[in-house]
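Okay, structure first, notes after.
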Amino acid sequence: MIEFGQLMSDMPSFQNRGSMKVDNVIPLPKGYKSFPSFKELTSTALTSACVGLHTQLSGTGTTNYAGDATKLYQMNSSLVFIDKSKVGGYNNSTTEKSRDFWDFTQFGKRIVATNNADNIQSFVEGTSSVFADLVSLKAKYVATIREFVFAGYMTESGTEYSNRVRWSGINDPTTWTASQTTMSDFQDIPDSGVIQGIVGGESFGVIFTDKAIYRCSFVGTPLIFQFDKVADVGCFQPRTIASFGNEIYFLAQDGFYKLTNGTDLQPIGVGKINEFFFQDLSSNFEGICSAVDSNNSIICWSYRGANSSGASTVNNKMLVYNYTTDSWSTCSGQDLEFIATASQEAFSTLESLDVLGSVDDLQYSLDSFAWDEGILSLAGCSSNHKFGKFMGGSMTATVDTTEFEGAEGKRSTLINARPIVDANGENTTITVTPLSRASQANAVTTGTAVTVKSSGDCPLRTNSRYHRLRVIVDGNFTNMQGVDVDARPEGKR
């Protein structure tokens, strides 16, 4: 059997240890499983394109919040986003091309939101009826580090400080005047470019600039926080930063990286997908966004790539990284404005599952925890400005084998293929498409897709020197492992 390798689009195709195409699947330790399709869960849309999504955790459950150009919203139990904007709404001052993106953090029952166009916003669950100014400061980024709310890329009294981070008083997110007593203060980072993001934590924080990374550690008065440069690699785009546990994932100018414990930096995309990504990225650079799906052990980056259509702010593709296997895949055919890790209301009846499509297409059994209230998983907003999650039936999967010789050192004819795909046998169609070329200098010729017979065989008749097989699965399946191939060497004249 030729096993499906991991996605390695940046490597030569011949005898590639992986594959040049792995689409609409999730990497596993062996093979791939299906990627669930996106389903809109809300019938009521936001006023305009989503530019921020956040889930607030509390002892009584979870609540989703979202933001667009002029409003902030809170989701109710009917999956409707209710306008909770401050009086007069928000400015949408186009600080990042056509959009101001919202950044959120949680401090106890308080949601803190900022977009750099308006004063930092605050909403206290159980107390507030609408968002209100937290302080007369503007910022692009917010995070919670220990007992402090941090803000970065500041605008103070009309002056922009793109390299400044500022933090609130200890255990008091309403106090922002520098004081040794409250421990509120600020720090300018003079030699590393502009602030690109802040990742909070219970022990320390991480500050990303476009040229470097700093670890932010609490040391008490008089310094309060100490800032140590840990890498001369910066973040290339703010919303590519995604964190889970003690690891942070992000896009730098030369590709994707992982930062562990705030100190250990490791490239994760080199030789695999870095070059592919930068070549495929077509537009909407400021709209790249990321999210964690811990249920599948993956980090996803949504972006606008080749063959995109529709509004220029809509992303049609995702990169998918399994952080337990250090392997990648892609997802195509998307129609998303924004992605994030978010919760849901419970699917408590069979009727409530109707929004996800046919019961036969559900990814999980009916008694699975996946349908419970407050489950955090991959979510987003569609081009219709509607919230949804990746909970539908399997997307159409496409995985190529490596390029191989059917007979070493000579031409060969592929006469049969048997895809090793674990499916339920219902409403699933599997096809095999031969790709071939006589020389490494030639373009690849794509043959005719052949549907797998009930026996599991797929008769072929492809004659060439170098071969690949593309397996496409349309319908639900649980695992794709590889292809058994029968090849016959061609004789010499």
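The values are calculated or read from the model by the stated rules, or taken from the named source; none is laboratory data. The structure presented is a predicted model; accordingly, all values stated were derived computationally and were not measured. Cβ sites come from the backbone with ideal geometry, for glycine too, and all protein chains shown count toward neighbours. Surface areas here come from the heavy atoms of the whole protein model, side chains and all, with no ligands, DNA or RNA. Shrake-Rupley method; radii C 1.70, N 1.55, O 1.52, S 1.80 Å.
For the range 24-93, what is one quarter of the convex hull surface built on the Cα atoms, given in nm²?
Averaged projected area of the range 24-93's Cα convex hull equals 7.7 nm².
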Q | For the range 306-323, 3J(HN,Hα) per residue [Karplus equation, 6.51 cos²θ - 1.76 cosθ + 1.60, θ = phi - 60°, Hz, x = Gly/Pro] | A | 4, 6, 6, 8, x, 4, 5, 9, 9, 8, 10, 9, 9, 9, 10, 10, 8, 6
Q) Put +1 on the Cβ of every Lys and Arg and -1 on every Asp and Glu Cβ in the chain; which of Ala438, Ser192, Ile298 then has its Cα farthest towards the positive end of the dipole? A) Ala438
Q) Using +1 on the beta carbon of Lys and Arg, -1 on that of Asp and Glu, and nothing else charged, what's the dipole of the chain about the Cα centre, debye to 20? A) 1300
**Q.** Average silhouette area of the range 1-138, convex hull of alpha-carbon atoms, in square nanometres
**A.** 12.7
**Q.** the range 329-334 - phi-based ³J(HN,Hα) in whole Hz, Karplus 6.51/-1.76/1.60, Gly and Pro as x
**A.** 8, 10, 9, 10, x, 7
Q | In sequence order, calculated HN-Hα J values of the range 167-176 (Karplus, 6.51, -1.76, 1.60; Hz; x Gly/Pro) | A | 10, 6, x, 5, 6, 8, x, 8, 9, 10
**Q.** Percentage, to the nearest whole number, of Cα pairs in the range 64-126 over 18 Å apart
**A.** 33
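Quick check for you: with a 1.4 Å probe and neighbouring chains kept, what is the accessible area per residue of the range 158-236, in Å²?
Values: 3510 Å² over 79 residues.
Ligands and nucleic acids excluded, the figure is 44 Å² per residue.
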Q. So which trypsin sites (Lys or Arg not before Pro) in the range 398-462 pass both tests, a DSSP loop state and at most 11 other Cβ atoms within 10 Å of the Cβ?
A. Lys453
Q. Just by accessible area at a 1.4 angstrom probe, what is the order of Asp10, Asp118 from largest to smallest?
A. Asp10, Asp118
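For the range 430-493, what does the equivalent ellipsoid look like in terms of its semi-axes, each the square root of 5 times an eigenvalue of the Cα gyration tensor, given largest first in whole Å?
Computed over the range 430-493, the values are 25, 14, 10 Å.
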(Q) Quick check: with the 1.4 Å probe, what order do Ile415, Ile241 take by accessible area, largest first? (A) Ile415, Ile241
Q.
As a test of reading the structure, rank His467, His385 by solvent-accessible area (1.4 Å probe, protein chains only), most first.
A. His385, His467
**Q.** the range 14-92 - percent of accessible surface contributed by carbon and sulfur, probe 1.4 Å
**A.** 48
Q | Overall Cα dimensions of the chain, principal axis frame, Å, largest first | A | 90, 53, 36
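Only loop residues by DSSP count here, and only those with at most 10 other Cβ atoms within 10 Å; note down the trypsin sites (Lys or Arg not before Pro) in the range 2-78 that meet that.
Counting only loop positions with at most 10 other Cβ atoms within 10 Å, the trypsin sites (Lys or Arg not before Pro) in the range 2-78 are Arg17.
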**Q.** Residues whose placed amide H lies under 5 Å from that of Asn479, excluding near-sequence neighbours
**A.** Asp422
Q. How many Å² of accessible area per residue for the range 27-113, probe 1.4 Å?
A. 41
Q: Work out which GluC sites (Glu not before Pro) in the chain are exposed loop sites (DSSP not H, G, I, E or B, at most 16 other Cβ within 10 Å) and give the longest gap free of them.
A: 203-372
Q: Please list the non-local residues whose amide H lies under 5 Å from the amide H of Ala487, H modeled 1.01 Å from N, same-chain partners needing a gap of 5 or more.
A: Ile415
(Q) Given the options Leu57, Val87, Thr144, identify the residue whose Cα lies farthest towards the positive end of the charge dipole of the range 34-165 (+1 on Cβ of Lys, Arg; -1 on Cβ of Asp, Glu). (A) Leu57
